[in-house]
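*Asks:* Sharing a structure, written as structure tokens. Questions coming.
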Amino acid sequence: MIGQPLQAMDYAGRQAAVKAAGIAIWDVYASCEREGSLDTAIRDGAPNDFARLNKSASALRRVCFNGGTAGRFARTLAALGFETLILPSTSPANASWSYERKLAAWRDALRK
């Protein structure tokens with residue numbers, strides 16, 4: 001996996017460590033309106049160009065979605081040939097899962 005203390009790093013350091021581990025982070029929305037940080041506040045969402053992602057990231061094989069809202073695009077990406085996994089949202093608003101349980105689910109997904 002990453003093997004770096006991400007929480008102790010600045011944003012640029014986290015980006016570099018994730019990239020070095022072969023992990024890409026990409027939003028399912030190219031644009032949207034949202035007041036606050038809750039997914040339920042997303043309005044007028046325009047999805048990213050997933051077909052372009054398929055062409056430009058030919059080595060990409062698995063897409064993990066951070067929660068159910070992003071996971072609504074799982075079928076679209078699966079139809080393009082990607083393995084898809086909908087994981088628990090890492091948001092603090094997802095209080096039904098403990099931090100440890102979320103971490104275990106994400107670690108398991110990234111080990112596959």
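*Asks:* What do you reckon, is Leu38 of a type outside the set (Ser, Thr, Tyr), at pLDDT below 90, surrounded by 10 or more Cβ atoms within 10 Å (Cβ to Cβ) and over 18 Å from Gly81 (Cα atoms)? Let's see the steps before the verdict.
*Replies:* Values: of a type outside the set (Ser, Thr, Tyr): yes; at pLDDT below 90: yes; surrounded by 10 or more Cβ atoms within 10 Å (Cβ to Cβ): yes; over 18 Å from Gly81 (Cα atoms): yes.
In short, yes.
*Asks:* Being modelled with pLDDT under 90 and in a helix (DSSP H, G or I) is the filter here; which residues of region 1-10 pass it? So that I can check it myself, show each step before the final result.
*Replies:* Initial filter on region 1-10 (modelled with pLDDT under 90): 1-7.
Hits for region 1-10 are Leu6, Gln7.
*Asks:* So, one more: Of all residues in region 3-34 being of a type in the set (Val, Ile, Thr) and without any contact (Cβ under 8 Å) to a residue 40 or more places away in the chain, which is nearest to Arg111 (Cα to Cα)? Steps first, answer last, please.
*Replies:* Taking region 3-34 and keeping what is of a type in the set (Val, Ile, Thr), we get 18, 23, 25, 28.
Checking which are without any contact (Cβ under 8 Å) to a residue 40 or more places away in the chain leaves us with 18, 25.
Working: Val18: 14, Ile25: 16 Å.
Ranking the qualifying residues of region 3-34, first place goes to Val18.
*Asks:* Within region 16-23, is even one residue at pLDDT 90 or above and among the basic types (Lys, Arg)?
*Replies:* no
*Asks:* Can we say Arg43 is closer than 21 Å to Trp106 by Cα and modelled with pLDDT of 90 or more?
*Replies:* On the way: closer than 21 Å to Trp106 by Cα: no; modelled with pLDDT of 90 or more: yes.
So Arg43 fails the test.
*Asks:* Return yes or no: is Arg14 more than 13 Å from the chain's Cα centre (by Cα) and either among the charged types (D, E, K, R) or within 21 Å of Ile2 (Cα to Cα) (or both)? Give the steps one after another, and end with the answer.
*Replies:* Numbers: more than 13 Å from the chain's Cα centre (by Cα): yes; either among the charged types (D, E, K, R) or within 21 Å of Ile2 (Cα to Cα) (or both): yes.
The answer is yes for Arg14.
*Asks:* Another question, if that's okay. So which residues in region 11-55 are farther than 23 Å from Ala93 by Cβ, in a helix (DSSP H, G or I) and not charged (D, E, K, R)?
*Replies:* If the condition is that a residue be farther than 23 Å from Ala93 by Cβ, in a helix (DSSP H, G or I) and not charged (D, E, K, R), then Ala12, Gly13, Gln15, Ala16, Ala17, Ala20, Phe50, Ala51, Leu53, Asn54 are the ones that fit.
*Asks:* Further question on the same structure: Every residue in region 56-100 that is surrounded by fewer than 14 Cβ atoms within 10 Å (Cβ to Cβ), aliphatic (A, V, I, L, M) and assigned to a loop (DSSP other than H, G, I, E, B), please.
*Replies:* Ala57, Ala59, Ala93, Ala95
*Asks:* Can you say whether Ser37 is more than 23 Å from Arg107 (Cβ to Cβ), in contact (Cβ under 8 Å) with a residue 40 or more places away in the chain and more than 15 Å from the chain's Cα centre (by Cα), as far as the supplied structure shows? So that I can check it myself, show each step before the final result.
*Replies:* Working: more than 23 Å from Arg107 (Cβ to Cβ): yes; in contact (Cβ under 8 Å) with a residue 40 or more places away in the chain: yes; more than 15 Å from the chain's Cα centre (by Cα): yes.
Yes; evaluated as a whole, the condition is true for this residue.
*Asks:* Can you pull out every residue in region 72-92 that is touching a residue at least 24 places away in the same chain (Cβ under 8 Å) and in contact with a Cys (Cβ under 6 Å, 6 or more places away or on another chain)?
*Replies:* Leu85
The values are calculated or read from the model by the stated rules, or taken from the named source; none is laboratory data. Keep in mind the model is a prediction, meaning the values are calculated, not measured. Here Cβ is always computed from backbone atoms with ideal geometry, including for glycine, and neighbour counts include all displayed protein chains.
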